[in-house]
Amino acid sequence: MTPQTTLSDAIESTIASLPQHMQDWVRKEADLCKPDSVEIITGKADQIIRLENELETSGAYTRLDEDVYGKRCFYARSDKNDVARVEERTVICTEDPVDAGPLNFWANPEEMHGKLDKLFDGTMKGRTMYVVPFVTNPADSQFATAGVQLTDSANVVCNLYRMSNLQDGWRILEKQARFPRITHSYGTLSKEDRWITHFPKELYCRTINSDYGGNALGPKKIFGLRLVGIQALENSQKKSQPDEDVGIELVEHMALFGIDYGDRRVQFGAAFPSMCGKTNIATGVAEGPMAQYKVFTLGDDIIGGATKKGDGRLYVNNIEAGMFGVTRGMSDFANKMLMEALRNPKPEVQDCEGGPIFTNQVLVDNNGSKRVWWSESGEDFPQGDGITTYNWLGEQIDASAEEKDQKNARVTMPIRNVPNLDSDYSNSDGVPLDVALIGGRSSKLHPLISRARSWNEAVYHALCQFSEPTAAAVGQKPRYDPMANRPFIAFNVSDYAQKWLDIPKKTPKPPAVFSVNWFRRDDDGNFIWDGFGANYRVLDAAVRQLDGKDAWLETPIGLVPKPEHIDISGLKYTTTNEQLAEILVPNKEALKSEVANREGWLNELENGLETGSEGRGAPKKLPQAIWDEHEAFKKRVEEYTA
Ligand code: OXD
Ligand code: MN
């Protein structure tokens, strides 16, 4: 029976045209949010084009020069208080706080629903509620999951269209009885009442008062990484032997790319924290001695997959169809293939998914031709006759202005425009993951690259991956960031550690794991390693080590290459031989304090955070194997630094 609502006939008849199994939910949400109208997003480009035009007419979007960027490329500015993820408002709602664990903010589901019901009540008055299908993983992947996001933001719809395989959504949803549900409203953009909430048991998320991608694009972090992460945990816990098919087993915050050596391809997953080079490494170009080898792109943020029956390796896909990249620092030097995608958009992609949507860069008006500029792009600040420039706040500025582009300014673009996108990107089986790189941002301690002596040691180091703050989330401090996934592990971190420890039992040929750190600094604070294209030289050293060609040296933090294993001839910024030798080994002083720091960190995982634990979930015991590895690390450090 249709529940009693006060919805208009027009809204009722729109809802009645949805697949039967989702009507009650949409009706209930519409009844609470009270939109003026409900519109179903069909997946066809013409409807999105209409929304883009409406956003342009309202002034929310500025159309950029078609001759420069191709069709349907836009510029938007966000509210100045809504430019990044907000971790302290990101909440996992479970009956038992242990299920959320000590790193997540936690709430009782009923209480959180009560609070949200008040905030969502009438939040869409005067607005349209869009019903948007999405698919995580390429639509024909065996791991594809379709879901529905309700949103009152046409901007979010246009972003989802470029990112989330929206065109295929309804086809899959028709057949999928249980579907993930996300309700989003940009509300009033109030910082105080901003919530990004997850109800794993209900496969439901509610997010309000933000229009920023990481808080508002459901299929990305909210569902794609967090809730599918829980499914992957449950599936892998169920799995008793490698050839058992349990569905998706692994979701990680990893870029996916490969190096094509001509006679062989090696696929890498790169788990680096936000703004630590995932997009760069996935879309860069190898240089120097590696220039002859092609780097191919598969994804830049999230992977999902499982062990392949009879093969024993992990096969993964990029779960997204687009990129939500940071523009500051985007350049031919850092990620040439992204720049090529912007310079040479493919007409068939612009006609379908659309062109890039830039947010919060400098807007440049050159005699009516509108384009964008961002810092560290390799291009001088635009000036001259007929050129007017506006910062991300909309103020007219010149080159001397302090405030230009926002440091977390983003571009959303369909991945199909990236010229070195590999055809296996949409392979329904995924691609084998040969190497997992786990990285952080560590100015003193971590070597350029290291490889643990055993799987358990690798998991221990990854759990203790250290990273310094970036602008991708509000108010970050230096912290340990397990597998670069700390903001996105939506369950107890002890279970996450156990899941990683168990990988070889379920995946007989797991990827080789290396730790990397491109960010060592000298005493004046300058980066020592060239980074960017030079990083592929480091990966080549990893491949040689895997092939048994080079014998690496023992250090407490793992095996590390000797200086002669990394060819540094012709580097652009000339890391010297001496500097290379320095960053190839862990810094001894930093190592000494690291033992105590790690001990403190593991104790926090087991007993709760020492500071800021209020409002978080509850801890539980860490697997003993992690403590055993810690003891072994402690001993090695004592010997090394004696
Ligand atoms: C992202 C992030 O936007 O990790 O991908 O913050
Ligand atoms: Mn990310």
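The values are calculated or read from the model by the stated rules, or taken from the named source; none is laboratory data. These figures come from a predicted structure and were not determined experimentally. Counting neighbours? That spans all protein chains shown, and the Cβs are built from the backbone with ideal geometry, glycine included.
What the table below lists for this structure:
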{"quantity": "Residue among Glu234, Glu202 that is more than 16 Å from ligand 1 (Cβ to nearest atom), of a type in the set (D, E, K, R), surrounded by fewer than 22 Cβ atoms within 10 Å (Cβ to Cβ) and in contact (Cβ under 8 Å) with a residue 24 or more places away in the chain", "calculated": "Glu202"}
{"quantity": "Residues being surrounded by 23 or more Cβ atoms within 10 Å (Cβ to Cβ) and assigned to a strand (DSSP E or B) - total across segment 364-413", "calculated": "5"}
{"quantity": "Of the criteria (1) surrounded by fewer than 23 Cβ atoms within 10 Å (Cβ to Cβ); (2) modelled with pLDDT of 95 or more; (3) of a type outside the set (S, T, N, Q), which one Asp524 fails", "calculated": "(2)"}
{"quantity": "Filter result for Lys175 (away from ligand 2 (no atom under 16 Å from the Cβ) and free of Cβ contacts under 8 Å to residues at least 12 places away in the same chain)", "calculated": "yes"}
{"quantity": "Index of the failed condition, Met483 passing every other in (1) part of a strand (DSSP E or B); (2) within 16 Å of ligand 2 (Cβ to nearest atom)", "calculated": "(1)"}
{"quantity": "Some residue of segment 509-531 being under 19 Å from the mean Cα position of the chain (by Cα), in a loop (DSSP other than H, G, I, E, B) and either farther than 27 Å from Asn335 by Cβ or within 16 Å of ligand 2 (Cβ to nearest atom) (or both)", "calculated": "no"}
{"quantity": "Enumeration of residues in segment 170-195 that are of a type outside the set (Ser, Thr, Tyr) and more than 25 Å from Pro138 (Cα to Cα)", "calculated": "Gly187, Leu189, Lys191, Glu192, Asp193, Arg194, Trp195"}
{"quantity": "Residue satisfying all of: in segment 465-507; among the charged types (D, E, K, R) and surrounded by fewer than 23 Cβ atoms within 10 Å (Cβ to Cβ); nearest to ligand 1 (Cβ to nearest atom) among these", "calculated": "Arg486"}
{"quantity": "Test: residue in segment 240-251 that is in the same structural domain as Ile489 (by TED's automatic domain parsing), hydrophobic (A, V, I, L, M, F, W, C), within 16 Å of ligand 1 (Cβ to nearest atom) and under 18 Å from the mean Cα position of the chain (by Cα)", "calculated": "yes"}
{"quantity": "Selection status of Gly617, crowded, with 20+ Cβ neighbours inside 10 Å and closer than 30 Å to Val266 by Cβ", "calculated": "no"}
{"quantity": "Qualifying positions in segment 75-123 - farther than 19 Å from Asn215 by Cβ and either part of a loop (DSSP other than H, G, I, E, B) or of a type in the set (Val, Ile, Thr) (or both)", "calculated": "Thr94, Glu95, Asp96, Val98, Gly101, Pro102, Asn108, Asp121, Gly122"}
{"quantity": "Pair list, Cβ < 9 Å and 6+ apart or interchain, from segment 479-497 residues that are free of Cβ contacts under 8 Å to residues at least 60 places away in the same chain to residues that are of a type in the set (Lys, Arg) and within 16 Å of ligand 1 (Cβ to nearest atom)", "calculated": "Arg479/Arg486"}
{"quantity": "Residues (in contact with a strand residue (DSSP E or B) (Cβ under 8 Å, 6 or more places away or on another chain), of a type in the set (Ser, Thr, Tyr) and at pLDDT below 95) located in segment 427-463", "calculated": "Ser442, Ser443"}
{"quantity": "Qualifying residue in segment 255-264 (condition: within 14 Å of ligand 2 (Cβ to nearest atom), crowded, with 24+ Cβ neighbours inside 10 Å, of a type outside the set (Gly, Ala, Ser) and touching a residue at least 12 places away in the same chain (Cβ under 8 Å))", "calculated": "yes"}
{"quantity": "Which numbered condition Glu348 misses (of (1) of a type in the set (Asp, Glu); (2) part of a helix (DSSP H, G or I); (3) surrounded by 21 or more Cβ atoms within 10 Å (Cβ to Cβ))", "calculated": "(3)"}
{"quantity": "Segments classed as helices (runs of 4 or more DSSP H), wholly inside segment 13-71, with at least 2 members that are out of contact with any strand residue (DSSP E or B) (no Cβ under 9 Å at 6 or more places or on another chain) and surrounded by fewer than 19 Cβ atoms within 10 Å (Cβ to Cβ)", "calculated": "20-33, 45-58"}
{"quantity": "Hits in segment 275-305 (condition: charged (D, E, K, R) and buried (at least 24 other Cβ atoms within 10 Å of the Cβ))", "calculated": "Lys278, Asp300, Asp301"}
{"quantity": "Cβ-Cβ under 9 Å pairs, at least 6 apart or on other chains, segment 37-61 side within 26 Å of Ser8 (Cα to Cα), far side small (Gly, Ala, Ser) and assigned to a loop (DSSP other than H, G, I, E, B)", "calculated": "Ser37/Ser8; Ile40/Ser17; Ile48/Gly354; Glu54/Ala60"}
{"quantity": "Matching residues, segment 542-585, being of a type in the set (A, V, I, L, M) and out of contact with any strand residue (DSSP E or B) (no Cβ under 7 Å at 6 or more places or on another chain)", "calculated": "Ala551, Ile566, Ile568, Leu571, Leu580, Ala581, Ile583"}
{"quantity": "Failed condition for Lys477, given (1) within 23 Å of Pro102 (Cβ to Cβ); (2) among the charged types (D, E, K, R); (3) touching a strand residue (DSSP E or B) at 6+ places or on another chain (Cβ under 9 Å)", "calculated": "(3)"}
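To keep it simple, each residue is scored yes or no on (1) more than 15 Å from ligand 1 (Cβ to nearest atom); (2) in contact (Cβ under 8 Å) with a residue 40 or more places away in the chain; (3) of a type outside the set (Asp, Glu).
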{"position": "Pro273", "(1), (2), (3)": "no, yes, yes"}
{"position": "Thr279", "(1), (2), (3)": "no, yes, yes"}
{"position": "Gly288", "(1), (2), (3)": "yes, yes, yes"}
{"position": "Asp300", "(1), (2), (3)": "no, yes, no"}
{"position": "Arg313", "(1), (2), (3)": "yes, yes, yes"}
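Yes/no per residue for (1) farther than 27 Å from Tyr496 by Cα; (2) modelled with pLDDT under 95:
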| position | (1), (2) |
| --- | --- |
| Arg537 | yes, no |
| Gly548 | yes, no |
| Glu554 | yes, no |
| Asp567 | yes, yes |
| Asn577 | yes, yes |
| Gly600 | no, no |
| Glu604 | no, no |
| Gly615 | no, no |
| His630 | no, no |
